[in-house]
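Visitor: Got a structure here, written out as structure tokens. Questions coming.
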Amino acid sequence: MRRGAFPQDEPLEARSIQLAADLRARLPARIDRALCGPSKRARATAGLLGLTADITEAARDQDYGNWAGRTLADLETERPGSMQAWTSDPHFSPTGGESVRDLHNRAAAFLEHFAATPGTTIVVTHGSLVRAIVLLVLEAPTQSFWRIDMPPLSRIDLSFDGRRWALRMGLAS
């Protein structure tokens, strides 16, 4: 998205490689399992973090359909109002893609799976899925999806007490 286009399956940028090296030192000492999405970026990041991660489709990025690789400016020129619709209507999706509501439902299933999985799991995924998970944990409306800024290599910590999920915020240290 830094170049103003929807991701396609590009490799990591140099800055992300450095961020991954910095994050590696801040991972928990005990990790029971590691998962990552199937994209080049997720797999490379997991490797840079020193994780032997199982690849899972459940941790994939939002499906941008025929928008993948396309610039925001080109899409707005071809289909005026589409960007506004996409960022304001959780049911709107690019042709062949996934709406924010669809992503929200996928994130709910992903969280449900981990509610029954004890131990520490590290998931290397994409900002879109993380934003959807944060909304679920906070029980916030899907319309709030675009109000969360998720920079590359952000880290969130979640815990489940058998009844509810909690989001732990902390210093990057």
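Visitor: Which residue, His104, His113, His91, tops the fluctuation ranking in a GNM of the chain built on C-alpha contacts under 10 Å?
Guide: Between His104, His113, His91, it is His113 that shows the largest mean-square fluctuation.
Visitor: Provide the per-residue ³J(HN,Hα) series for the stretch 64-81, in order, calculated from phi with Karplus coefficients 6.51, -1.76, 1.60 and θ = phi - 60°, each as a whole number of Hz, with x at glycine and proline positions.
Guide: My calculation for the stretch 64-81 gives 8, x, 6, 8, 4, x, 8, 7, 4, 5, 4, 5, 5, 5, 6, 9, x, x Hz in order.
Visitor: Add -39500 (n - 2.57) for each DSSP H run of 4 or more in the chain, then divide by its residues: what number comes out at 222 nm, to the nearest 500 deg cm²/dmol?
Guide: Computed ellipticity for the chain at 222 nm equals -10500 deg cm²/dmol.
Visitor: Determine the sum of side-chain charges near Ser39: Lys and Arg each +1, Asp and Glu each -1, restricted to other residues whose C-beta is under 10 angstrom from that of Ser39.
Guide: Neighbourhood net charge equals +1.
Visitor: Specify whether the C-alpha gyration tensor of the stretch 130-173 places it in the rounded, prolate or oblate class, a ≥ b ≥ c being the square roots of the eigenvalues: rounded for a/c under 1.5, otherwise prolate if a/b is larger than b/c and oblate if not.
Guide: oblate
Visitor: Could you state the angle between the C-alpha long axis of helix 127-138 and the longest principal axis of the C-alpha atoms of the chain, as a value from 0 to 90 degrees rounded to the nearest 10?
Guide: With rounding to tens, the tilt is 70 degrees.
Visitor: Using only Cα atoms, find the angle between the long axis of helix 14-24 and the longest principal axis of the chain, and express it within 0 to 90 degrees, rounded to the nearest 10.
Guide: The helix 14-24 is inclined about 30 degrees to the chain.
Visitor: Still on this structure, please answer the following. So what's the net charge close to Gly127: Lys and Arg +1, Asp and Glu -1, counting the other residues with Cβ under 9 Å from its Cβ?
Guide: Local net charge: -1.
Visitor: Over the stretch 16-173, average the accessible area per residue using a 1.4 Å probe and give it in Å², no decimals.
Guide: Result: 56 Å² of accessible area for each residue.
The values are calculated or read from the model by the stated rules, or taken from the named source; none is laboratory data. Please read these numbers as outputs of a predicted model, since none were measured by experiment. In this analysis, Cβ positions are derived from the backbone assuming ideal geometry, glycine residues included, and neighbour counts consider all displayed protein chains. In case anyone asks, the SASA skips ligands and DNA or RNA and just uses the protein heavy atoms, side chains included. Shrake-Rupley method; radii C 1.70, N 1.55, O 1.52, S 1.80 Å.
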